[in-house]
Structure formats: structure tokens, C-alpha cells
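The values are calculated or read from the model by the stated rules, or taken from the named source; none is laboratory data. Since this is a predicted model, take the numbers as computed values, not measurements. Heads up, the Cβs are rebuilt from the backbone with ideal geometry, glycines too, and the neighbour counts pull from every protein chain shown. Protein only, heavy atoms only, side chains kept; ligands, DNA and RNA dropped before computing areas. Shrake-Rupley method; radii C 1.70, N 1.55, O 1.52, S 1.80 Å.
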Amino acid sequence: MGVPDSITLMNFILFILISLILVWISRHTLKNYRSHGFYRFFVFEGIAALLALNQPYWFNDPFSIRQMFSWALLICSIGFVLCAVKLLRAFGGYSRRDDMPENFTFENTAHLVDTGLYRFIRHPMYASLLLLNWGAFLKHITPVTLSISVITTLFLIAVAKVEEKENHIFFGEAYTEYCSKSKMFLPFLF
């Protein structure tokens with residue numbers, strides 16, 4: 001099934017607008033390649049590209065196994081982020097971080113959260129983005145979307161690794177112990 005040129009042009013324009021917003025929001029972190037926000041920008045760009053490319057195919061063949069698996073990943077993505085935000089608000093608190101001035105206030109967690117979903121994985125919000133990335137990819141599989149998904153996944157790993165270095169500095173030995181008991185993105189797997 002072909003995609004009308006007008007939809008493709010609209011998606012391209014929307015992607016450019018989203019990219020400009022992301023550049024503006026990330027303007028401070030893009031100046032510091034040592035911050036996790038630098039790499040996170042490229043994750044959001046990759047996901048925006050996938051959404052723009054695959055949006056016309058979002059509801060094609062809705063009951064195929066591929067589409068149902070895609071929806072399962074997307075629903076899990078929403079669940080992960082909602083759970084993570086709730087736990088961070090309840091247990092994390094916020095702290096001023098002079099060592100990371102490019103961080104947004106909400107990123108500066110004062111207390112190590114190791115309960116709920118955080119008991120099993122260290123980065124549920126990034127796991128949410130990982131699930132969103134692959135869920136969006138499955139909407140329309142092409143070599144281009146596969147490449148974008150793989151590159152986005154690599155940037156997700158990079159952002160998590162950089163953030164873990166930051167957390168080791170801030171939380172010290174408690175974070176090292178926490179890392180030994182939890183996975184990065186997916187409970188019991190990775």
C-alpha cells in the first residue's frame with residue numbers, strides 16, 4: 001500500500017518541527033558530550049524519525065502478529081514510564097547538582113530509588129524509550145527503520161552508561177551495590 005506524498009511531506013515537516021523543539025530543549029546538554037542528556041537527544045531524534053516514517057502504517061493490518069507485538073511493546077512502554085515517574089516522585093526527591101548544571105531539575109534525584117520496578121531495572125524510563133523505539137519500528141519494517149532502531153538502541157545504551165557514571169559519583173558505593181542487584185533495561189535479561 002503506497003503512502004500519499006502529502007502525508008510524507010506532512011510527516012517530514014512535523015519531524016523538522018519536533019527536531020527544532022528538541023534542539024531548543026537540549027541546547028545546554030548538547031554543549032557537553034559528557035552528560036547523559038547529550039546522548040538522550042539522539043535517542044529522541046531517532047524515535048521522532050521512526051514515528052514520522054512509520055506513522056502512515058500505524059494501523060495497517062491491525063491484527064497481524066507483528067502489529068499485536070508492536071502494540072504490546074508500546075503499551076509496556078507507557079506502563080514503564082508511568083511506574084517510573086510515580087516511584088521517583090514518591091521516593092526520589094530532588095537535589096541541586098552543581099556538577100551537572102545542564103540537567104533539568106527533575107533529573108537530579110536526591111535519593112536512590114530501588115523499589116518497585118527500580119528493584120529490577122536501573123533505567124525504567126530508558127527502558128520505556130527502548131520499548132517505544134522497537135514498537136514503532138515494527139509498524140513498518142524497512143532497512144532504513146531497522147538502521148534507525150539499532151542506532152537509537154546504541155544511543156540508549158550510551159545514555160544509560162553515562163548516567164550510571166554520574167550516579168556512581170553522586171550515590172557512591174550504594175549505587176555500585178544497586179547495580180550488582182539489577183539489570184539495565186529489562187528485568188532479569190539486560
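Would you mind finding the one in A84, A48 that is surrounded by 12 or more Cβ atoms within 10 Å (Cβ to Cβ), in contact (Cβ under 8 Å) with a residue 40 or more places away in the chain and within 20 Å of the chain's Cα centre (by Cα)?
Of the residues listed, the single one that is surrounded by 12 or more Cβ atoms within 10 Å (Cβ to Cβ), in contact (Cβ under 8 Å) with a residue 40 or more places away in the chain and within 20 Å of the chain's Cα centre (by Cα) is A84.
I'd like the residue in the range 149-190 that is open to solvent by less than 30 Å² (accessible area, probe 1.4 Å) and assigned to a loop (DSSP other than H, G, I, E, B) and, out of all such residues, is nearest to L129 (Cα to Cα).
F185
Which condition does S77 not pass, out of (1) among the polar types (S, T, N, Q); (2) closer than 25 Å to F104 by Cβ; (3) outside any helix (DSSP H, G or I), if it passes all the others?
(3)
Which one of the conditions (1) surrounded by fewer than 18 Cβ atoms within 10 Å (Cβ to Cβ); (2) of a type in the set (A, V, I, L, M); (3) under 16 Å from D114 (Cα atoms) does L146 fail to meet, given that it meets all the rest?
Status for L146: all satisfied but (3).
Out of curiosity, is L53 closer than 23 Å to F155 by Cβ, buried (at least 20 other Cβ atoms within 10 Å of the Cβ) and of a type in the set (A, V, I, L, M)?
Here the answer is yes, as L53 does meet what is asked.
Looking only at the range 107-143, how many residues end up being open to solvent by less than 20 Å² (accessible area, probe 1.4 Å), of a type in the set (S, T, N, Q) and not in a helix (DSSP H, G or I)?
Of the residues in that region, 1 qualify.
I need every pair where a residue in the range 144-156 that is within 11 Å of L50 (Cα to Cα) has its Cβ under 6 Å from the Cβ of a residue that is among the polar types (S, T, N, Q), sequence separation at least 6 or different chains.
From residues that are within 11 Å of L50 (Cα to Cα), the pairs are S149/N133; T152/N133.
Test E102 against the stated conditions and say whether it is closer than 19 Å to K183 by Cα and either open to solvent by less than 60 Å² (accessible area, probe 1.4 Å) or touching an Asp or Glu at 6+ places or on another chain (Cβ under 7 Å) (or both).
no
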